[in-house]
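Accompanying notes for the structure given below.
The values are calculated or read from the model by the stated rules, or taken from the named source; none is laboratory data. Here the structure is a predicted model, which means the values were calculated and not measured. Cβ placement follows ideal geometry from the backbone for every residue including glycine, while neighbour counts extend to all protein chains displayed.
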Amino acid sequence: MKIFKEEQRFNQLWLIILMLVSTIVPIGIYVKEYTENPENFSSLELIGVIFLILLASGFIFFFKLTTRIDETGIHYKFFPFHWNLKNIKWNEIDKAYVRTYDPLGEYGGWGLKGGILWNKAKGRAINVSGDIGIQLVLKSGKKLLIGTQKENEAKSVLATYKTKFN
């Protein structure tokens, strides 16, 4: 019995830099406004605004994509959107393979993507970074792509369970 496990978070350097800049700039503006005109708002309001900016900016770093492939099927969770693992049993899967994809062109970026607002023919994607994913085509006709940073491990475990869905 082979098991594939992976956890991914948004931890790309470019994203961290972008979030730092988008946090520092508004905080700097508020602090400057407070030091120039302290009567406009209280120090408690300033602390509250800084806290809200930090909370909003840091929220993306709480996101976590968890993937597990085992003898019962493929399981995934994209916290905070999913609190429990979503299970796709092998008998629900028509095809499962690892492929390279274009996150921006095919799905509009990274995160929980696809469906109504994007190219419906491509299905949905749940990804955090990179351009490698586990493509699932379900017997219902729905498609789901789950991003992975462990291409070779994913290919190997899918080959192990190929008889379960083919």
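Summary of computed values
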| quantity | calculated |
| --- | --- |
| Residue among Ala154, Ala159, Ala96 that is hydrophobic (A, V, I, L, M, F, W, C), crowded, with 19+ Cβ neighbours inside 10 Å and more than 26 Å from Gln12 (Cα to Cα) | Ala96 |
| Residue within the range 113-132 that is surrounded by 15 or more Cβ atoms within 10 Å (Cβ to Cβ), in contact with a helix residue (DSSP H, G or I) (Cβ under 8 Å, 6 or more places away or on another chain), at pLDDT 80 or above and among the basic types (Lys, Arg) present | yes |
| Residue that is farther than 24 Å from Ile16 by Cα and without any contact (Cβ under 8 Å) to a residue 40 or more places away in the chain, where the choices are Leu85, Leu138 | Leu85 |
| Selection within the range 26-77 - of a type outside the set (Gly, Ala, Ser), free of Cβ contacts under 8 Å to residues at least 12 places away in the same chain, part of a helix (DSSP H, G or I) and more than 30 Å from Phe4 (Cα to Cα) | Ile29, Lys32, Glu33, Thr35, Glu36, Leu44, Glu45, Ile47, Phe51, Leu52, Leu55 |
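Okay, residues lined up against (1) buried (at least 16 other Cβ atoms within 10 Å of the Cβ); (2) modelled with pLDDT under 90; (3) in contact with a Cys (Cβ under 7 Å, 6 or more places away or on another chain):
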{"site": "Leu15", "(1), (2), (3)": "no, yes, no"}
{"site": "Met19", "(1), (2), (3)": "yes, yes, no"}
{"site": "Tyr34", "(1), (2), (3)": "yes, yes, no"}
{"site": "Phe41", "(1), (2), (3)": "no, yes, no"}
{"site": "Leu54", "(1), (2), (3)": "no, yes, no"}
{"site": "Arg68", "(1), (2), (3)": "yes, no, no"}
{"site": "Ile88", "(1), (2), (3)": "yes, no, no"}
{"site": "Thr100", "(1), (2), (3)": "no, no, no"}
{"site": "Trp110", "(1), (2), (3)": "yes, yes, no"}
